[in-house]
Amino acid sequence: MSALKYIESLFNTLKKCDQNGGPTGMAFGLAGSLIRNDGFDIDDIAKSYMRWHRRDGFDAGPTASRVFQLVEKGMSFHKAGKQVDFEANGRTAGCNPAHRAAPLATLNVNDKELIDIVIQEAKLTHWHPLAADVSVATVLLCRNLHKGFDWHESITNARKGRMIETQRALESHHIDDLRGDGFAPNVLTAAMYFLMNSDNLDEAIERSIDFAGPANYCPVLVGAIGSARWGAA
């Protein structure tokens with residue numbers, strides 16, 4: 001699957017699995033920045049997120065929303081991210097970076113560069129290392145799949161070098177192991193369960209939405225990863 005085809009599949013699928021719109025809005029801003037700059041520009045991505053925040057900003061999640069509020073008051077993204085992490089006592093390992101990051105899978109860079117880029121992007125809002133690490137795993141999995149690697153090989157590649165919590169999230173699980181909160185490893189765990197135990201993307205999305213309810217956590221990752229695996233829902 002070409003990079004352009006994956007982007008088309010991604011956004012067509014997000015229409016079905018993103019019940020609240022925040023992840024789609026941020027991913028759209030990220031994709032637009034990549035296109036405008038023919039590559040990664042962290043400052044332009046930050047500006048695109050702020051434009052979205054001012055225009056809509058719904059469903060960014062508490063961590064990103066607080067960062068955007070501080071940036072509006074004149075603080076840099078770097079200082080705002082650290083401040084929010086301090087205010088939250090380090091509890092900033094949410095899924096928002098992984099929710100929005102899938103367009104980075106299309107960048108024409110090597111894996112090491114891509115990992116560095118995904119971490120930079122995640123730390124615009126979330127300073128906990130797990131938020132970035134789960135985002136890295138998600139992007140690598142999407143990249144491997146849209147480039148034609150099979151499912152199991154893509155998972156193996158995405159696990160390399162990841163934190164233990166992220167590696168465990170990429171393993172097979174029982175439905176009783178799943179949690180419906182927004183902690184990034186738990187979100188990835190749930191998404192992987194539905195991707196591993198469904199015959200097609202529509203089934204995976206439907207089952208993940210039934211599980212998640214209005215929380216909107218794992219269905220977004222099901223859509224991002226599943227559209228790379230199967231094409232658009």
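Please treat every number below as a calculation from the coordinates, not as lab data. Given the structure is predicted, the values throughout are model-derived calculations rather than measurements. Every residue, glycine as well, gets a Cβ built from its backbone with ideal geometry; the counts of neighbours run over all protein chains shown.
One table, with the values for the structure above:
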item	result
Filtered residue count, the stretch 21-55, keeping only those that are in a loop (DSSP other than H, G, I, E, B) and buried (at least 16 other Cβ atoms within 10 Å of the Cβ)	1
Residue among His99, His146 that is within 13 Å of the chain's Cα centre (by Cα), surrounded by 23 or more Cβ atoms within 10 Å (Cβ to Cβ) and not charged (D, E, K, R)	His99
Index of the failed condition, Ser154 passing every other in (1) assigned to a helix (DSSP H, G or I); (2) in contact with a strand residue (DSSP E or B) (Cβ under 8 Å, 6 or more places away or on another chain); (3) not aliphatic (A, V, I, L, M)	(2)
Extreme residue, surrounded by the most Cβ atoms within 10 Å (Cβ to Cβ), among residues of the stretch 190-202 that are under 18 Å from His174 (Cβ atoms) and not aliphatic (A, V, I, L, M)	Phe194
Qualifying positions in the stretch 213-223 - crowded, with 23+ Cβ neighbours inside 10 Å and part of a helix (DSSP H, G or I)	Cys218, Pro219, Val220, Leu221, Val222, Gly223
Count of the stretch 101-117 residues which are outside any helix (DSSP H, G or I) and either of a type in the set (A, V, I, L, M) or in contact with a strand residue (DSSP E or B) (Cβ under 6 Å, 6 or more places away or on another chain) (or both)	3
Extreme residue, surrounded by the fewest Cβ atoms within 10 Å (Cβ to Cβ), among residues of the stretch 56-65 that are in a loop (DSSP other than H, G, I, E, B) and not aromatic (Phe, Trp, Tyr)	Asp56
